[in-house]
Amino acid sequence: MELNITVRLARHPAREGRRFSEFAVTLEERMTVLDALFRVQRGMDSSVGFRCACRVGMCGTCAVLINRVPRLACSTPVKGLGSDVVTIEPLPGYPVIKDVAVSLAPFFDQWRRALPAFRPKDRDAPALVRIPRDSPFGRLAGPKRDCITCGACHAACSITGTNAAYLGPAAINKALLRILDPRDAASGDRLKILDSQTSGVWRCHTQFNCTAVCPRGINLTESIGQVKRALLRPRKAFQA
Ligand code: SF4
Ligand code: FES
């Protein structure tokens, strides 16, 4: 069966004074929003700008706002949207490069501030100590380590939208993973950063917007809550 839809695409800069361009697109039933964007770009308007790389939900580059919700274009079947009008806009809160392609610089600026790199306790160890999946760290970290840095959670968060200093859910989740890791030596430094009254976990209002949009199913709100508990009750903080 074919799907006949209207793609409403945000334009930046505006085209002939209009903020949206509309395209009538015919798709096969299984096709995604990314397929629709390619149909438009290859068959109707080659100037349309968007980003993608892997096309299978692995790289995080194709996140856009689809019918007002941040999603991966390559992993969003058009049929599942239940609408014959598909509005595609850039992720909010990021500088727009062209049409729906944004710069993730604000996301990665915060990511870097959270000290995402592993800092080994034993710098002279010949190899990294292996940690079994069923260890306390394995159980705590398992559901939290699949972030593909798509930026959707940062875009959905109502706090990042009003406070550019806030680290945001993905950076906090990444810092938590390092804090949980018994091989890492920089937990104290990270907890100090996360404890900031202006940019740390206390800015989170527990609205679950980030968790709702994460394409990897990471419970970011829970991660932020775990850090809050660690700061309030350091000895009891993390339980598998
Ligand atoms: S935590 Fe989820 S929504 Fe946020 S950047 Fe990572 S994959 Fe994307
Ligand atoms: S193109 Fe890689 S996640 Fe969509």
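The values are calculated or read from the model by the stated rules, or taken from the named source; none is laboratory data. Note that the structure is predicted; figures quoted are calculated from it, not measured. Heads up, the Cβs are rebuilt from the backbone with ideal geometry, glycines too, and the neighbour counts pull from every protein chain shown. Side chains included, ligands, DNA and RNA excluded: accessible areas come from the protein's heavy atoms. Shrake-Rupley method; radii C 1.70, N 1.55, O 1.52, S 1.80 Å.
Details
- Solvent-accessible heavy-atom area per residue, rounded to whole Å², over the chain at 1.4 Å: 52 Å²
- Kirkwood-based Rg to Rh ratio, the range 103-240, C-alpha trace: 0.95
- Values of log10 I(q)/I(0), in the order q = 0.16 Å⁻¹, for the chain under a Debye, Cα-only, solvent-free model: -1.08
- The range 105-236, dipole about Cα centre (Lys/Arg Cβ +1, Asp/Glu Cβ -1), debye to the nearest 20: 340 debye
- Phi angles of the range 142-154 translate, via the Karplus equation with coefficients 6.51, -1.76, 1.60 and θ = phi - 60°, into HN-Hα couplings of x, x, 10, 9, 9, 4, 10, 6, 7, x, 5, 5, 4 Hz per residue; Gly and Pro are given as x.
- The distance separating the Cα centre of the range 56-88 from that of the range 98-142 comes to 27 Å.
- Inter-probe distance in nm under a simple model that places probes 7 Å from Cα toward Cβ, at Ala164 and Ile97: 2.0 nm
- Cα-based reach from Lys174 at 19 Å (exclusive), listing lysines while leaving out same-chain residues under 8 positions away: Lys121, Lys144, Lys192, Lys228
- Placing pseudo-labels 7 Å out from each Cα toward the beta carbon at Asp84 and Arg130 gives an inter-label distance of 5.7 nm.
- When the convex hull of its Cα atoms is viewed from all sides, the range 21-85 shows a mean projected area of 4.4 nm².
- Sequence-distant residues sharing a close amide H with Thr87 (under 5 Å, placed H): Arg8, Asn67
- Extreme residue, positive dipole direction of the chain, given options Ala165, Pro70, Cys59 (C-beta unit charges): Ala165
- Taking GluC sites (Glu not before Pro) across the range 1-58, the ones in a DSSP loop with at most 10 further Cβ atoms lying within 10 angstrom of their Cβ are Glu16, Glu29.
- Unit charges on C-beta of K, R, D, E only; dipole of the chain, Debye: 920 debye
- When you filter the trypsin sites (Lys or Arg not before Pro) in the range 51-100 for DSSP loop state and at most 16 other Cβ atoms inside 10 Å of their Cβ, you are left with Arg68.
- Efficiency of FRET between Arg119 and Arg30 - r from beta-carbon atoms, R0 35 angstrom, step 0.05: 0.20
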